[in-house]
1. Rounded to the nearest 0.05, what FRET efficiency do Arg376 and Trp462 give with R0 = 25 Å and r taken as the Cβ-Cβ distance? Could you check?
2. Of Lys244/Lys384; Lys54/Lys444; Lys444/Lys465; Lys244/Lys290; Lys290/Lys451, which ones are farther than 31 Å apart at the Cα?
3. Which of the peptides 300-307, 439-446 is most tightly packed, and how do the rest follow, judged by the mean count of other Cβ atoms within 10 Å per residue?
4. Are there trypsin sites (Lys or Arg not before Pro) in segment 85-165 that DSSP marks as loop and that have at most 16 other Cβ atoms within 10 Å, and which are they?
5. If I compute solvent accessible area with a 1.4 Å probe over the protein chains, what percent of it on the chain is carbon and sulfur?
6. Could you work out how far apart the two model spin labels at Val385 and Met1 are, taking each label as a point 7 Å from the Cα in the direction of the beta carbon, and quote it in nm?
7. If you average 1/r over every pair of different alpha-carbon atoms in segment 328-481 and take one over that average, what Kirkwood value in Å do you get?
8. Which value, in nm² and rounded to one decimal, describes the direction-averaged projected area of the C-alpha convex hull of segment 69-227?
Amino acid sequence: MRHLKSLRDFIVELESIGDLQRISTEVDLDLEIGAICRRCYETGAAAPLFENIKGVEKGFRVLGAPGGVNARARLSLARIALAMGLPPDTNGRVIVESLVQARRRNPIPPKIVPGGPVKQNVLKGGQVDLCRLPAPLLHDGDGGRYLNTFGIVVAQTPDKKWCNWSIARIMVLDKNRMAGIIAPNQHIGMVRQQWSSLGKDMPFALVLGAEPFVPFVGGMPLPEYFNERDFVGAYFGEPIEVVKCETVDLEVPATAEIVVEGHISRTETAPEGPMGEYAGYLWSGGTSSKPVYCASAMTFRNDPILPVSVAGEPVEENHTAWGIPNAAEIVHVLREAGLPIASAWSPFESANHWYVIAAEMDWRQRLRYGADQLCRNIGECLFKVKAGMGTPKYMIVNDDVDITNIKEVVWAFATRNYPGPRGESVFNQEATNPLVAFLPGDEKMSMHTTKVIYNCLPPDEWEGKLPKRSSFRASYPPWLQAKILQNWSTYGFR
């Protein structure tokens, strides 16, 4: 495992495998950067690095699609794998398992160092000007320029027992104010509530362009009072290096590109939104009052790079940097509950609205109960924790299905799920993410909805025995498969 300790190390690795495109042609912050990024997501093109932005001072750059996928099948998940310290051709299941295994290790707290590249430029008080930063207008219809789409908000409880790193969209209002979503059922909202109960504004630090693994930890639904920064250490087996902020009592990654620090007002709000979101929609009436972030300092590297995620139809960072770590936490939670789970995956095409969970092939012998009971147990376990909050639909399959292959997932769902109560376990009034696309207005407000577990396991009457699959991989002996693959071009196929 190779620990890439800065965004710039990550960029070097991407360039070495042809997964980075430097763009020296002048581009506009208004929509052009967003449109190019969307085109990259939708075609599987390399991550664009914008080096010449109209109206932005020289040296300030933007990296688009830092967690997108590549059209080359072998390197499809290269950006995710490299961020995880894995070889660029690592597959999805191995990526998930690497996170699951790290959850079993002891946390390693960060190491405070006296300085780092993020302190190369320090601006305080009246020197702060957020409008210097290249925050783009990403979608036609967005309510403003979004500075944070792939950065980490650092917040800590007043007693310092819990330091939370999380991702939340944040829109620039003016030179020293921003506004953004702080959901009360999310960890940042819980931390803020502790400050509000004391009658105080919450200190924050917005970290933009940290080392590439950090956003994936920010997207992982770790439990309350589990510090994401300590999980970074557990994953790599060494502490992440952090430096103290200038005006608030917080620490941030030393190699970050940009840090904005200050306080989130407990009383002041401002209109924020709408913004194109991970479900693939932009609701035109999506403006509402959100808490205001008041900036007191801004630090950044020389020639800083702002990473951006242009949320929308799959595949973008919400589906990779949230979807994949969430799958890992699902596996961890279910295994800790004693359930024989092989893996989990959110098909990118579902926009984080489905998870597919694969049970070990011998689950029936190990548990000694049927498929309906397993599905009920999975739902009852998941919907009590954050890992089961954001997604409404789950499919349970045997581990003969490649859950990272959408063709196999659709085939399994179509041929193995019995419609209606026999094939569905329904759970009502469960906590949800209000950005789930199909929620009616009252459920968005209450943040509760109906969830379903689809039973795609073999019927109990089969006694766990699956019929033989009819496919190239399953219907022919290995020696014949190997011969055909070796002679494929000889037959005249390309």
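The values are calculated or read from the model by the stated rules, or taken from the named source; none is laboratory data. All values derive from a computational prediction rather than experimental measurement. Positions of Cβ are backbone-derived with ideal geometry, glycine not excepted, and every protein chain shown enters the neighbour counts. Ligands, DNA and RNA are stripped out before the accessible areas are found, and what is left, the full protein with its side chains, is counted by its heavy atoms. Shrake-Rupley method; radii C 1.70, N 1.55, O 1.52, S 1.80 Å.
1. So, using R0 = 25 Å, E works out to roughly 0.80.
2. Check vs 31 Å cut-off fails for Lys244/Lys384; Lys54/Lys444; Lys444/Lys465.
3. 300-307, 439-446
4. In loop regions of segment 85-165 (DSSP not H, G, I, E or B), the sparsely surrounded trypsin sites (Lys or Arg not before Pro) are Arg104, Arg105, Lys160, Lys161.
5. 51 percent
6. 1.9 nm
7. 16.3 Å
8. For segment 69-227, averaging the hull's shadow over all directions gives 12.4 nm².
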